[in-house]
1. If I filter the stretch 176-227 down to residues being crowded, with 18+ Cβ neighbours inside 10 Å and hydroxyl-bearing (Ser, Thr, Tyr), which single residue comes out as modelled with the lowest pLDDT?
2. Given the structure, is residue 169 modelled with pLDDT under 85, among the aliphatic types (A, V, I, L, M) and surrounded by 14 or more Cβ atoms within 10 Å (Cβ to Cβ)?
3. Condition first: of a type in the set (S, T, N, Q) and in contact (Cβ under 8 Å) with a residue 60 or more places away in the chain. Can you find one or more residues in the stretch 240-258 that meet it?
4. Please state which of the following conditions residue 189 fails to meet, knowing it meets all the rest: (1) within 21 Å of residue 110 (Cα to Cα); (2) out of contact with any strand residue (DSSP E or B) (no Cβ under 8 Å at 6 or more places or on another chain).
5. Can you name the condition, by its number, that residue 161 falls short on among (1) surrounded by 14 or more Cβ atoms within 10 Å (Cβ to Cβ); (2) free of Cβ contacts under 8 Å to residues at least 12 places away in the same chain?
6. Residue 182 passes all but one of (1) in a loop (DSSP other than H, G, I, E, B); (2) within 13 Å of the chain's Cα centre (by Cα); (3) not aliphatic (A, V, I, L, M); which number fails?
7. I need a count of the residues in the stretch 275-303 that are in contact (Cβ under 8 Å) with a residue 60 or more places away in the chain and among the aliphatic types (A, V, I, L, M).
8. Is it the case, given these coordinates, that residue 305 is buried (at least 16 other Cβ atoms within 10 Å of the Cβ), of a type in the set (D, E, K, R) and under 28 Å from the mean Cα position of the chain (by Cα)?
Amino acid sequence: MQDEFESATESSVASTEALTLIGNDVRAGILHALSDARGGEGNPPALSFSELRSRVGADVDSSRFNYHLQRLVGEFVERRDDGHSQLVETVVEQEGTGYALRPEGTMLTRTIRATTDGDGASLSPTELDTDCYFCGEPVEAMYEHALFKIQCPGCSYLYEYDFTPPGVLHGDDGSIVAQASEYNRSVRLAFARGVCHLCGNAVDTTFVEPSETGYPRPDKRAVCINRSCDRCNHRNYLRLGEALLGNPALISFCHERGLDVTATPIWKLEFAATDRHVTVRSTDPWEVALRVSLDGDTLELVVDEELSVVEHSIS
């Protein structure tokens, strides 16, 4: 059953071939038309050959349209007869036949739409209600060229610096900051848990000396935790505090003292936004401690080079 599921849902097309397949205005139009027809609910509808062609562009002659549709069938599009999925090698126009997106096609069109159509929109530097933990200046949020950044204008310390899709720009300045921060939080916590949010692959963990990275202003970091995906090449440098935000002991310790770390923006959590409470005990092998103090109590978590908690104490 598992093999049958994988063969039905996982594309065998290589990444370079996939780019070739969608690198044509007619094929791109077909994918967008089928995506638009799907809407937000239910199963993807099947469009007939003639209806799909009319949605893409009536000026495309039938034989040319047929050729481009054929290139997509089997990888991103499926042919349906009488409501049943049927992958075929050739495409013909016939009564009762329709075409719909395969799961791969749906994922592809969603990814393209999520990461484009920003119209060059940006967020000018906007002062937040948090002062820099290093110099006391109010930190600022900004968005430009697909990068969301929270930075101190005084000492230039970066609290957030992440590729962020332009969908976060819909709303006023406050909602933009909230949406961008929540999106980036989900991405970084997925990496912290060992999963790449882009492709679902397991990620590798490497502790790195800040001076050995190109990370901006590494002098304020005690250690950089590099989480990297060898499938899609996505990577993230995490602070120890944010890497441990999903730890049950940390969540419980903070919750019992009135702090909900599951809902508080990372940049508002000093132990997660900085390394001011991090101590590197050893680099060979790596052993690093995080101390979180609330209401007179201190939680200490010590991790090894696999990011596993090996010590846990409250004093």
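The values are calculated or read from the model by the stated rules, or taken from the named source; none is laboratory data. Bear in mind the structure is a predicted one, so any value in this text is a computation, not a measurement. Don't worry about glycine lacking a Cβ; one is built from the backbone with ideal geometry, like all the others, and counts go over all protein chains shown.
1. Among residues in the stretch 176-227 that are crowded, with 18+ Cβ neighbours inside 10 Å and hydroxyl-bearing (Ser, Thr, Tyr), the one modelled with the lowest pLDDT is 181.
2. Yes.
3. Looking through the stretch 240-258, at least one residue is of a type in the set (S, T, N, Q) and in contact (Cβ under 8 Å) with a residue 60 or more places away in the chain.
4. Status for residue 189: all satisfied but (1).
5. Exception for residue 161: condition (2).
6. Condition not satisfied by residue 182: (1).
7. Here the count works out to 2.
8. So residue 305 passes the test.
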